[in-house]
Amino acid sequence: AQSVAQPEDQVNVAEGNPLTVKCTYSVSGNPYLFWYVQYPNRGLQFLLKYITGDNLVKGSYGFEAEFNKSQTSFHLKKPSALVSDSALYFCAVREGVSGGYQKVTFGTGTKLQVIP
Amino acid sequence: DTEVTQTPKHLVMGMTNKKSLKCEQHMGHRAMYWYKQKAKKPPELMFVYSYEKLSINESVPSRFSPECPNSSLLNLHLHALQPEDSALYLCASSQDTPGQGADTQYFGPGTRLTVL
């Protein structure tokens, strides 16, 4: 069975400071990893994904994430936080097998609060 | 264009009403999904359609009835709902390319459903 954990319910960071939102995962095979952001009363917006290749993945709005196989982590990062980054962030994982539908498992979400 | 549209944005219905939620995408995606999301919780998968055929039903009660009239449209018919069914209902789509497992799901803005 696959799972994903976001250990922090909320992360507070001052505007202009670097931010990190943590995610660890568990899958039986190779992982496909995703980050989504959700603003209040809106759907999820895709930020970035890791499939294979370079462990540092760059995505939308200046976000990036680092895949660490030994630590089974995929932390989301941004060098300089903006107040507009305040939102709910979901990490997601699916098993990296080809063919057929593979269920995506979402983490419980981390609320990011950027303080002006 | 990575847009998935959903109508209506808000819906209030009584327990004896029949209503439908609609979802549309014009990205040529062949997989479409319905999720249910409670406040501050991750999305919960309800149904998956692949090439217009229902491929996954996550043991959803029969008062929810999905329909995929064509490759661009996905409906969710609602009948005799309970107050605990009140939630944000999200539609998503992905390419579902055979032989590849890395498809990103793109989400619509959701329909906020309130059952009285």
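The table below lists the values:
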| quantity | calculated |
| --- | --- |
| Loop sites in segment B:1-99: chymotrypsin sites (Phe, Trp or Tyr not before Pro), DSSP, at most 15 other Cβ within 10 Å | B:TYR51 |
| Computed over segment A:28-116, Kirkwood Rh from alpha-carbon pairs, angstrom | 13.9 Å |
| Cysteines without a disulfide-compatible partner [chain B; Cβ-Cβ under 4.7 Å] | B:CYS68 |
| Listed pairs A:LYS77/B:LYS53; A:LYS22/B:LYS22; A:LYS103/B:LYS9 exceeding 31 Å between Cα atoms | A:LYS77/B:LYS53; A:LYS22/B:LYS22 |
| Antiparallel DSSP beta bridges within chain A, percent to nearest 5 | 85 percent |
| Between segment A:1-37 and segment B:47-91, the Cα center-to-center distance that results, in Å | 28 Å |
| Computed label-point distance, nm, for sites B:THR7 and A:THR52 using a 7 Å Cα→Cβ extension | 4.3 nm |
| Cα pair distances exceeding 26 angstrom across the protein assembly as shown, given as percent | 38 percent |
| Label point distance in nm, B:SER59-A:GLU66, each placed 7 Å from Cα along Cα→Cβ | 4.0 nm |
| Net dipole in debye of segment B:28-116 [+1 Lys, Arg Cβ; -1 Asp, Glu Cβ; about Cα centre; nearest 20] | 240 debye |
| D (Stokes-Einstein, µm²/s), Kirkwood Cα radius, chain B, 1.002 mPa s at 20 °C | 151 µm²/s |
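Taken together, the values in this text are just the output of simple stated rules run on the coordinates, not laboratory data. Predicted, not measured: the structure shown is a model, and the values here were computed from it. Glycine also receives a Cβ, built like all others from the backbone with ideal geometry; neighbour counts cover every protein chain displayed.
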